[in-house]
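The structure appears below as structure tokens.
Readers should treat all values here as calculations from the given coordinates under stated rules, not as data from a laboratory. Just so you know, these numbers come straight off a predicted model, no measurement behind them. For neighbour counting, all protein chains shown are included, and Cβ atoms are generated from backbone atoms with ideal geometry for every residue, glycine included.
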Amino acid sequence: MLAPILGALAILACAQTVWLIRTRSATEQDPDAPFWYAFTGASVVVPLILGAALLAPWLGMVVVAAVAFTALATNKVSTATLQRRLAGAQASLVANEHALLAARHDYVLRAWSWYELDPGAAIDHPAMNDVGIPATAALTRALAAAEQLRYQPAQAAAASGTNYQQAVVGLESAFALAQRPELQLHGKEASGLYSA
């Protein structure tokens, strides 16, 4: 009756050892961690296998085969688990980066909407509403490009050759250029600045 219990404990200890080697050592900075997990696990598993083999020799061979199978199966499951964790972490990083870019995009939209929605600002800064001025035309193109890529999946954006980050940086640059004082003071006369 003791031999099957020892065999079951050996299988459980093997599964736990392989799991720790694969998952914990990947998150720790100690390069020796896999060795120590394997050493500790082996110092538990081997005596359990030997104990089961001494009590019932036929069961010892079965336990060795079961431990080997358990090690392989646990390795496969732990690898899949690590890949899912890494994919989740990568998706989280991409989502966080996208949220930061969206906040920058929203900031420019709020700043630009002041020129569009406030009548006093529209009178004081007529160049911000005049798409005949190259800088304002570039701003409207940058607004459209950033808005198009904002909700587009990353794979589709990569296929188009540009990404949301480039579009937001381009939008910020175009907005800064359109706000230049010489455009605001001279309106359409300033378009001569960009024709050269």
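Once the Cα atoms are used to define both axes, helix 134-150 deviates from the longest principal axis of the chain by about 30 degrees. For the chain, the longest principal axis of the alpha carbon atoms and the long axis of helix 33-55 meet at an angle near 30°. Available extension along the chain between residue 111 and residue 30 is 24.2 nm, counting 0.36 nm per residue and deducting the alpha carbon span.
Angle between the Cα long axis of helix 57-117 and the longest principal axis of the chain, 0 to 90 degrees, nearest 10? That works out to roughly 10 degrees. The slack between residue 92 and residue 68, meaning 0.36 nm per residue of separation minus the straight C-alpha distance, is 5.0 nm.
The modelled label-to-label distance for the pair residue 23/residue 5, using points 7 Å beyond Cα in the direction of Cβ, is 2.7 nm.
Once the mean of 1/r is taken over each pair of separate Cα atoms and inverted, the chain shows a Kirkwood hydrodynamic radius of 22.3 Å. Between the residues 68, 117, 89, the greatest Cα displacement towards the positive end of the dipole of the chain, with unit charges on the Cβ of Lys, Arg, Asp and Glu, is found for 68. Protection proxy ranking for 104-115, 88-99, using the average of other Cβ atoms within 10 Å per residue and placing the highest first: 104-115, 88-99. Using a simple spin-label model with pseudo-atoms 7 Å out from Cα toward Cβ, residue 85 and residue 99 lie 2.2 nm apart. Rounded to the nearest 500, the helix-only mean residue ellipticity at 222 nm of the chain stands at -27000 deg cm²/dmol, with each DSSP H run of n ≥ 4 adding -39,500 (n - 2.57). The magnitude of the dipole of the chain, with charges of +1 and -1 set on the Cβ of Lys/Arg and Asp/Glu and taken from the Cα centre, is near 880 debye.
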